[in-house]
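Read through the structure below, which is laid out as C-alpha cells, and then see the notes.
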C-alpha cells in the first residue's frame, strides 16, 4: 500500500525550483484538466500532464520526474495554448525533462538516443541528415524498424539523400558542442 | 523587400517540393530572398529538449550569419526552424542567458542597450506573406483558381506557438492559411485539429505515435469532407503524406488517398507557375485525380460562361 | 487652541509594530497639544467615552485620533466630539494602520512615521474652523434603471411605500433575463409564472411611470435633486393607441429578423412583440429591417392596424424627470463566447448557449418547448453541457466565478431528462458551486435521481463530423481528471454555460451616474461587506447583477434592500449638505467665470455684489470636488476644510528640513 505522508514528502524547494527554471507560477493551476483534454499524447502517457502539474504543486519530486510521459511529450504546446490560467505548461514539461536528466531519471532511452543521434549528425556535418539520424538510431537501439516501411516510397521520390550536406563552418558548430560537453562535465 | 532566407535541413531532403515552391512563390510575390551563407541546423526539437543554451548557440550562429545579408529579418519556411530561431532570440534578450550562450560560441553575440543580444528577428515565410504581402495581393495574382475544392488547413503545432513569442495568428484557431486558400478559390472546411500535433518529434523512435496522431488527423479531415489537406510544415507533411499508408494501417483504416499539399504548391498552381516550381511529382499520395477535377470544373465553368455569352449575344442580335 | 491626541492600539493591529505610547509622548510636544494618550480600542464605547471626558476635563477645542483609515471611523469620531459639544469638523484623523502598521515591520521606523502623521493632523487641526450644514428639499421620487427582476422588486417596494418611481428599460418590455428563463432552480417552478404577476404590478401601480424602449441620456444634480433626461427611442408605433393585438406581427412580410428575445435561435418579423406576457404589450418596429423605413415600400402593418397606431415618421423623444435617488439595476450580458474558437466560436449550429437552450425549453419559445437541435430539428440523444465557459478563465480576462451557472446547468440537465428521458446528459465541470439553500441537494438530485453524468474536467475541442447516416455529430474531447484520462463524447448538441459580465453600456451609464465600475463592467459598491447596496455617489444605489454575479433570490433581496435605502433617505423632511464645499473670497474674485465653466455640478453662479459681478457657490449643489479651486487664477475660491493654508500646513509639517 502506498500512502503519501504529505508533511514528509512535500518538497516545496522542488516546486520553487521548477517555477524558477520554467518561469511559470505553478500555484495558478487549479487542476481543470484542459491541458490533459487537449494533449495529443494523453493516450500513451502513464501520468497525465495535469497530474504531473499536480505533483509539482504538491512538491512530489519523484512523481513529477519519474514517468514516461515526460519523454513522450511532443512539445506541441497545445497544453499552453489551452490553459485558462496562462501557464506555459509545455515549458514546465521541458524543465522537468531537463531536471530528470540531471537526476539521471531518464525513463525513455530510445527518445534520448534519437535526440543524441540527431544532434550527432549536426555536430559532424553542421546540418541534420535524415538517413544518418535513422541509421544512427537504429544501430544504437535496434529499434525504429517502423521507418523501413516508408523507405521505399521515400527513396522512390528521392526524398532521402544518401550524401549528407556538409557546411564549411562545421568545425565552428562542432566547437559549440564541445564547449557544451565540457560545461556539462564541469557542473 | 529583402529577406535573409533560412531553408532548413529538410528543404535539402524530404521537402524539396516545399523548398522549390516557396522560392517560386516568393519570387512571384516580389520577395527578395538571400540565402544565409553556410547556415547550420537549428537543433530542432532534440536541441531544445537537451539544452536551451545549446539550442540557443546553434540558432545564434545562424542569426549572426544572417546579419551579413543586409536584410531586415530572417524568414524560414519550416515552422520548427523559425520557431527555434525566434525563441532563441527571445531568450537571449535576457543578459544571463545571453552570457551562457556566448560561452558556447567562438565570439560573443553583439549586445543591445538592455544587455540582451542584438540579433535579427525571424518569421515564418507564411507570416511574411500574410503580413507583408497580404492576401489581397495573392488574390489579384490568381490566374488558375482552385474551383472550390474542399480542403482543410493543417498548421501543426508550432506556427503560432508559444503564443507569447510567436505573436502570429490565433494559437487555438489560426486562419492565415484559410484566408490564403480562400483567396486561391478553394473552400475551407471547419477543422478542430488544425493545430493538433502530428507526432513528428516521435517519428524515428516510435512510428506508432505519429501513426496514431496522423491517422486521427487524416480520418477527421476525411470525415469533415475534405478533398485535400494543406499544410505549411515539412515535418507535418512527412507524417501526413509520406506516412499516410502507415498511418492508415496503424489506425486500422482503409487507405485515405487524401492528397497533402504544401500551401506554396497550391499558390504556385493558382498563379499558373511552371510545373518545376511545384514539384507535385514529389508527393507520395497521388494528387492527379484532384488536379483533374479542378481542370474539369474549370473547363465546365469556362464552357458555361461561353454558352451564356453566346446566348446573350444571340438574344441581342 | 487646546488639542487632545488619542493614539489607538487597534488591538495588536497597530500596537504590534508601532509604539503607540511613544507616539502619544512625542505628540505632547506638538504645538497646542495639551493632552495625549494611547488607548486599546479608541472606537469602542469606553474609548469614545474617554474622548468625551477628556474634552470636558481639559477644555479641548479639537481632537486628533491616530488609528485606522478615515473611510470607516471618521463619522464615528465626528459624532463623538459632537457629543462633547465640539463642532464635528474640529476633528482630524491620522491613519497609522493602513499607512503604517500594516505595511511596515520596523517598529522604530513605524513609530517615527506614526508620530509624523500625527504632527500633520495637528497642524491641519490648528487651522480648522467649525462648519455648519445647510438643509435642502428632497424630490421624493426614485429612478430605477433596468426592468429586470432586481429593478422590478426595487420599484414595487418603493412604490408600495408611497414613493413615486420612474422606471427606464432599454428593451421594449420589462422582465430582463428572468423573463427568458423557462424554469428556475432549485424548485424547477415556472419562471414566467412567478415573474409575470410582478411585471403586471409594475404596469398597474399608479406610483410607477414606465419608460420602455428608452435609455438614460444624461443625469445632472445631486442626492435629493437629480434631473434625468430620458431618451424614448422611436418605436414607430403610437403606444397610446396600440392594443397589443398582434395582427401586424403576423402580417409583416419581413420574416427574416433575428429574434433577440429568443437569443437569435429563431426569426421574427420587423414589427414585433417579444413574448405573450410582455409589459408593456406593445408592438415595436425594428428600423434595421422594416421595408417601409428602409426602402419606403410596404406599409402592410399600417394597413392592417385597426387603431391607426403605426407612425413611420416617429423620432426619438427626450423627456425630463426629477428624482431624489437613483437605483441602477442594469443586469448583465453574456461574455463574448464567440472568441472561444476551440468550441467553434459560434459557427457550429448545434453548439448553443444556456440562454438559447432555455428559450428552446420554454413553452412560449420558438420550438414551443420541444428540444431539438438547430441543424436538423431532430431530438438530440446525447447532450453535453460545458461549464465555466468564459468564467474562471484568466486567458479570457475573466478570472471570476459567474456564480449561478452550476445551478442552472444542473437544472437544465434535469429538465433535459424530464423532456427527453432517453437522452443522456453529460456535464463537464471544474467544481460544483452550490452554496445556497437547497442548492447542493439539487445538484445531487441531478446526479442521483436523474442520472446526469458529471465529468470533472474541461473540454479542449469540439470537432464536427458527418456520421454514416449523413447527420452531423460533434466529438467533444475533454478530460476526466478523476479518472486521469482523456475522454470523448459523440454529442448531438452542446450547451455552453457562458459566464456573465456587466451589461453592454454599463460603463457608459456609470460615467453618467458618476459611480465606479470594474474591468468587467460591474458597478462598485461603497463597501464590499458593509455597504453592498450603496455607491460612493450619494443617492445612487445598486440592485442585482450589475453589482456582481448573483442569482434570482439574491437579486430580489438586493432590489428590496435598495428600495429600503431610498425609503430611509426620503424619510427625513429635508436633507443636510456636507459643508465641505467651495467658498468664494469676494475680495479676490475678479468674475472671470472660469469656475462656472469647469464646475461639473453647475453649482456656481454669477451674482451682483455692490454693483460688481462675483462668483457665488450654491452650497447645497456643490459636491466639494475642488475643480474650481484648481482653476481659479486668483486663488479666490477655496474648499472649506481643505483650504490651501490647511494643505500647505500639512506639507510643511512633513517637510520640516
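Being modelled with pLDDT under 90 and surrounded by fewer than 20 Cβ atoms within 10 Å (Cβ to Cβ) is the requirement here; does residue A:127 meet it? Criteria not met by residue A:127.
Regarding residue B:25, is this residue in a helix (DSSP H, G or I) and within 14 Å of another protein chain (Cβ to nearest Cβ)?
Values: in a helix (DSSP H, G or I): yes; within 14 Å of another protein chain (Cβ to nearest Cβ): no.
When the stated conditions are applied, residue B:25 does not pass them.
Please work out which one of (1) modelled with pLDDT of 95 or more; (2) not in a loop (DSSP other than H, G, I, E, B) is the condition residue C:130 fails and give its number. (2) is the only condition that residue C:130 fails.
In the range C:297-361, counting only strands (runs of 3 or more DSSP E) that sit wholly within it, the ones holding 1 or more residues that are closer than 30 Å to residue C:498 by Cα and either under 27 Å from the mean Cα position of the chain (by Cα) or at pLDDT 95 or above (or both) span C:325-328, C:332-334, C:351-353. The residues of the range B:159-170 that are within 14 Å of chain C (Cβ to nearest Cβ) and crowded, with 23+ Cβ neighbours inside 10 Å, listed by number, are B:160, B:161, B:169. Residue pairs whose Cβ atoms lie under 9 Å apart, sitting 6 or more positions apart in sequence or on different chains, and linking a residue in the range C:160-176 that is at pLDDT below 95 to a partner that is outside any loop (DSSP other than H, G, I, E, B) and surrounded by fewer than 22 Cβ atoms within 10 Å (Cβ to Cβ), do not occur here.
Here's the yes/no breakdown for (1) within 23 Å of residue B:138 (Cα to Cα); (2) buried (at least 24 other Cβ atoms within 10 Å of the Cβ); (3) in contact with a helix residue (DSSP H, G or I) (Cβ under 6 Å, 6 or more places away or on another chain):
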residue	(1), (2), (3)
B:222	no, no, no
B:225	no, no, no
B:230	yes, yes, yes
B:233	yes, yes, yes
B:243	no, yes, yes
B:249	no, no, no
B:256	no, no, yes
B:262	yes, yes, yes
B:267	yes, yes, yes
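Can you name every one of the helices (runs of 4 or more DSSP H) wholly within the range C:147-263 that holds 1 or more residues which are within 26 Å of residue C:289 (Cβ to Cβ)? So the answer is C:247-251.
Return the only residue of B:156, B:203, B:199 being surrounded by 24 or more Cβ atoms within 10 Å (Cβ to Cβ), within 10 Å of chain A (Cβ to nearest Cβ) and either in contact with a strand residue (DSSP E or B) (Cβ under 8 Å, 6 or more places away or on another chain) or more than 29 Å from residue B:252 (Cβ to Cβ) (or both). I'd like the intermediate steps shown before the answer.
Details: B:203 fails: either in contact with a strand residue (DSSP E or B) (Cβ under 8 Å, 6 or more places away or on another chain) or more than 29 Å from residue B:252 (Cβ to Cβ) (or both); B:199 fails: either in contact with a strand residue (DSSP E or B) (Cβ under 8 Å, 6 or more places away or on another chain) or more than 29 Å from residue B:252 (Cβ to Cβ) (or both).
Residue meeting the stated conditions: B:156.
Can you pull out the residues in the range C:438-470 that are away from chain A (no Cβ under 14 Å) and in contact (Cβ under 8 Å) with a residue 40 or more places away in the chain? Correct list: C:438, C:439, C:441, C:442, C:452, C:464. Screening the candidates C:381, C:417 for the property of being under 19 Å from residue C:487 (Cβ atoms) and more than 14 Å from chain A (Cβ to nearest Cβ) yields one hit, C:381. The single condition among (1) in contact (Cβ under 8 Å) with a residue 24 or more places away in the chain; (2) exposed (fewer than 14 other Cβ atoms within 10 Å of the Cβ) that residue C:601 does not meet is (2).
This table checks each residue for (1) in contact (Cβ under 8 Å) with a residue 12 or more places away in the chain; (2) surrounded by fewer than 23 Cβ atoms within 10 Å (Cβ to Cβ).
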site	(1), (2)
C:56	yes, yes
C:66	yes, no
C:75	no, yes
C:78	yes, yes
C:89	yes, yes
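Among the residues in the range A:76-83, are any crowded, with 23+ Cβ neighbours inside 10 Å and within 14 Å of the chain's Cα centre (by Cα)? Working first, answer last.
First pass over the range A:76-83, keeping only residues crowded, with 23+ Cβ neighbours inside 10 Å: A:76-83.
Okay, now just the ones that are also within 14 Å of the chain's Cα centre (by Cα), so A:76-77.
Yes: one or more hits.
For the range C:410-438, a residue qualifies if it is within 30 Å of residue A:36 (Cα to Cα), in contact with a strand residue (DSSP E or B) (Cβ under 8 Å, 6 or more places away or on another chain) and outside any loop (DSSP other than H, G, I, E, B), and the qualifying residues are C:410, C:411, C:412, C:413, C:416, C:417, C:424, C:425, C:426, C:427, C:428, C:429. Somewhere in the range A:55-63, is a residue within 12 Å of residue A:80 (Cα to Cα), in the same structural domain as residue A:95 (by TED's automatic domain parsing) and buried (at least 19 other Cβ atoms within 10 Å of the Cβ)? No, the range A:55-63 contains no residue that is within 12 Å of residue A:80 (Cα to Cα), in the same structural domain as residue A:95 (by TED's automatic domain parsing) and buried (at least 19 other Cβ atoms within 10 Å of the Cβ). For residues that are part of a helix (DSSP H, G or I) and within 7 Å of another protein chain (Cβ to nearest Cβ), tally how many sit in the range A:144-182. The number of residues fulfilling the criteria is 12.
Of the residues making up the range A:98-116, at least one is at the interface with chain B (Cβ under 10 Å from one of its Cβ atoms), within 27 Å of residue B:213 (Cα to Cα) and not in a helix (DSSP H, G or I). Of all the listed residues (B:181, B:213), the sole one being more than 13 Å from residue B:236 (Cα to Cα), at pLDDT 90 or above and in the same structural domain as residue B:157 (by TED's automatic domain parsing) is B:181.
Taking the range C:566-588 as the range and being closer than 16 Å to residue C:608 by Cα and touching a helix residue (DSSP H, G or I) at 6+ places or on another chain (Cβ under 9 Å) as the test, only C:584 passes.
When the range B:87-108 is filtered for residues that are within 14 Å of chain A (Cβ to nearest Cβ), buried (at least 24 other Cβ atoms within 10 Å of the Cβ) and either in a loop (DSSP other than H, G, I, E, B) or within 21 Å of the chain's Cα centre (by Cα) (or both), only B:88 remains. Could you say whether any residue in the range C:350-369 is out of contact with any helix residue (DSSP H, G or I) (no Cβ under 8 Å at 6 or more places or on another chain), at positive phi and exposed (fewer than 14 other Cβ atoms within 10 Å of the Cβ)? The answer is yes, given that some residue of the range C:350-369 is out of contact with any helix residue (DSSP H, G or I) (no Cβ under 8 Å at 6 or more places or on another chain), at positive phi and exposed (fewer than 14 other Cβ atoms within 10 Å of the Cβ).
Filtered by the rule that a residue be in contact (Cβ under 8 Å) with a residue 40 or more places away in the chain and surrounded by fewer than 24 Cβ atoms within 10 Å (Cβ to Cβ), the range A:25-38 gives A:25, A:26, A:28, A:29, A:30. The conditions of being on the phi < 0 side of the Ramachandran plot, within 14 Å of chain A (Cβ to nearest Cβ) and surrounded by fewer than 24 Cβ atoms within 10 Å (Cβ to Cβ) are not met by residue B:179.
The values are calculated or read from the model by the stated rules, or taken from the named source; none is laboratory data. The structure presented is a predicted model; accordingly, all values stated were derived computationally and were not measured. Neighbour counts are summed over all protein chains in view; Cβ atoms, including those assigned to glycine, are modelled from backbone coordinates with ideal geometry.
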